[in-house]
Amino acid sequence: MALLDYIKAATTPHQAVEAGREILKAKGFKELTLGQHFDIQKGGRYYLTAYSTSLIAFTIGEQTEQTQEFHVAAAHTDHPCLHIKPKAELTGGPYLKLNIEIYGGPILNTWLDRPLSIAGRVALKGKDAYHPELRLIDFKRPVATIPNLAIHMNRKVNEGIELNKQSDMLPVLGLLEEGLNQDDYFLTMLAKELSAEKEEILDFDLYVYLAEEGCFIGQEEEFISSPRLDNLTSCYALLTGISEKNRENGINVAVLFDHEEIGSRSKQGADSALLQMVLEKIYASLGFEQQALSDSILNSFLFSVDVAHALHPHHAEKYDPVNQALMNKGIVLKLNSCQRYTFDTEAVAITQAVCEAHGVKYQKFANRSDIVGGGTLGPIISGWLPMKTVDIGVPILAMHSARELMGRKDQEYLETLMKGFYGA
């Protein structure tokens, strides 16, 4: 399944964007630079990256006029994981350990006793101070693990043990050896992987990720078990959708933001002017009027695409009695009157009609009234760009676990919807 190939490649937001770029280039998209003039025309397909971890793709129909309606869909490239601190070396007895901090809100115990690897981006000395050499790096093999404490020394482990983020979650890289410099063994390892000198390394943005691959499971292989389903399922659906045949009389946009898991407040996050700036540059480059852009935004439609909570087989009491999402029963329209999920009745009706037009099954989800759900991109983006918006996604179990679980058919439904949304 192509989704699993994408997830395997997309180990961090940097790699998710790079894998997305490869998909778009193969479909004839032309690369633009965010901080330069857009040389674009009707009938064109384009993409740009923002600070290495966010990606925006757009297509312009041959018959596009300035009164057109944008079809926008947004997802996020990041996932809860472990991030390596600047001073990465820690030792404890005979062990080499990585000094990490927790990124987002992972289920910590699911990271124990797993094969772990490292990926991200490294900055090396460049031609001058303002132009460092930036390289992506992915070890692509298990190099670390976080061992559990044996039950013999922790008799209450099955009663539930709180893990300390600083002392219990440190990945072990190996054993100390004679002659090893304990103060820079990580930089030495990193330089070797880069075929560079450690003195060249200025900084790095590196993550520890689960080195296991996704797979099909279940009696009929009806499930997908994989790392990073949240939210690479959505990223891949947007990339495949916008890569197909597009509308002749409008502009389609797929945007993959970073930093959703930590609140989206960054220059490449959804709570920024990034998408608005790109839309303004598109209109200016096409010679369209600024007021027409505002009118177009007000008449446009946005899908905020992120995963939803599937009904758990053992804990139905955690869900609303009737507004539940089931795996392999279609995409989920996530509804919340407090606008933690964005929607209005007109937008929901449009979504249902689009689904029905393309044979896509759908279901509606609302949280149990005494349980606060998570936030999404929808309320944030629609605050910057006031267009009709609905939060949708595939239902999954074990959300924020090192491995998550989803229905195989639901990904097909989501990809079909995105193709229909961008094509009609």
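The values are calculated or read from the model by the stated rules, or taken from the named source; none is laboratory data. Remember, predicted model here, so these are calculated numbers, not experimental data. As a convention, Cβ positions derive from the backbone with ideal geometry for all residues, glycine included, and neighbour counts pool all protein chains shown. SASA here: full protein model, heavy atoms, side chains in, ligands and nucleic acids out. Shrake-Rupley method; radii C 1.70, N 1.55, O 1.52, S 1.80 Å.
If I fit a long axis through the Cα atoms of helix 345-357 and take the longest principal axis of the Cα atoms of the chain, what angle between them do I get, 0 to 90°, rounded to 10?
90
From the C-alpha gyration tensor of segment 327-394, pull out the three semi-axes of the equivalent ellipsoid (sqrt of 5λ each), sorted largest to smallest, in whole Å.
Whole-Å semi-axes of the equivalent ellipsoid: 20, 16, 9.
Could you work out which residue, out of Gly269, Gly250, Gly373, moves most in a Gaussian network model of the chain, that is, has the largest mean-square fluctuation with Cα springs under 10 Å?
Maximum fluctuation in the GNM of the chain, among the listed residues, is at Gly373.
Taking the Cα centroid of segment 82-111 and of segment 267-281, what is the distance between the two, rounded to the nearest whole Å?
33
Please state the shape class of the chain: rounded when a/c is under 1.5, otherwise prolate if a/b exceeds b/c and oblate if not, all from the C-alpha gyration tensor.
Note, shape of the chain comes out oblate.
Could you sort the peptides 208-216, 358-366, 344-352 by per-residue average Cβ neighbour count (10 Å cutoff), highest mean leading?
Packing proxy ranking, top to bottom: 208-216, 358-366, 344-352.
Could you work out the relative contact order of the chain, using alpha carbon pairs under 8 angstrom and six or more residues apart, expressed as a whole percent?
Once divided by the residue count of the chain, the mean separation gives 22 percent.
Please give the calculated 222 nm ellipticity per residue for the chain, where each DSSP H segment of at least 4 residues contributes -39500 (n - 2.57) and the sum is spread over every residue; nearest 500 deg cm²/dmol?
-7500 deg cm²/dmol
Please report the antiparallel percentage of DSSP beta bridges with both residues in segment 302-417, rounded to the nearest 5.
35
Rounded, prolate or oblate, given the Cα gyration tensor of segment 69-184, with a/c below 1.5 counting as rounded?
Note, shape of segment 69-184 comes out oblate.
Relative to the longest principal axis of the chain, what angle (0 to 90°, nearest 10) does the C-alpha long axis of helix 408-423 take?
The two axes meet at around 40 degrees.
Specify the residue with the greatest mean-square fluctuation among Ala16, Ala75, Ala316, computed from a Gaussian network of the chain linking alpha-carbon atoms under 10 Å apart.
The residue with the greatest mean-square fluctuation here is Ala316.
Take the alpha-carbon centre of segment 336-408, take the same for segment 123-201, and report the distance between them in whole Å.
Cα centres, segment 336-408 to segment 123-201: 37 Å.
Can you count the Lys pairs in segment 271-416 with C-alpha separation below 15 Å, eight or more apart or on different chains?
7
What is the helix-to-structure angle for 185-194, meaning the angle in degrees between its Cα long axis and the longest Cα principal axis of the chain, kept from 0 to 90 and rounded to the nearest 10?
That works out to roughly 50 degrees.
Taking a ≥ b ≥ c as the square roots of the Cα gyration tensor eigenvalues, with a/c under 1.5 meaning rounded and otherwise prolate when a/b beats b/c, else oblate, which class fits segment 225-354?
In terms of gyration-tensor shape, prolate.
In whole percent, and with a 1.4 Å probe on the protein chains, what portion of the accessible area of the chain is carbon and sulfur?
Here it works out to 49 percent.
Could you identify which residue out of Pro321, Pro142, Pro386 has the top mean-square fluctuation in a GNM of the chain using Cα springs shorter than 10 Å?
So, out of Pro321, Pro142, Pro386, the one fluctuating most is Pro321.
Can you work out the accessible area per residue across the chain, with the rest of the protein chains kept in place, probe 1.4 Å, in square angstrom?
45
When DSSP beta bridges are limited to those with both residues in the chain, what percentage is antiparallel, rounded to the nearest 5?
Of all bridge pairs located within the chain, approximately 70 percent are antiparallel.
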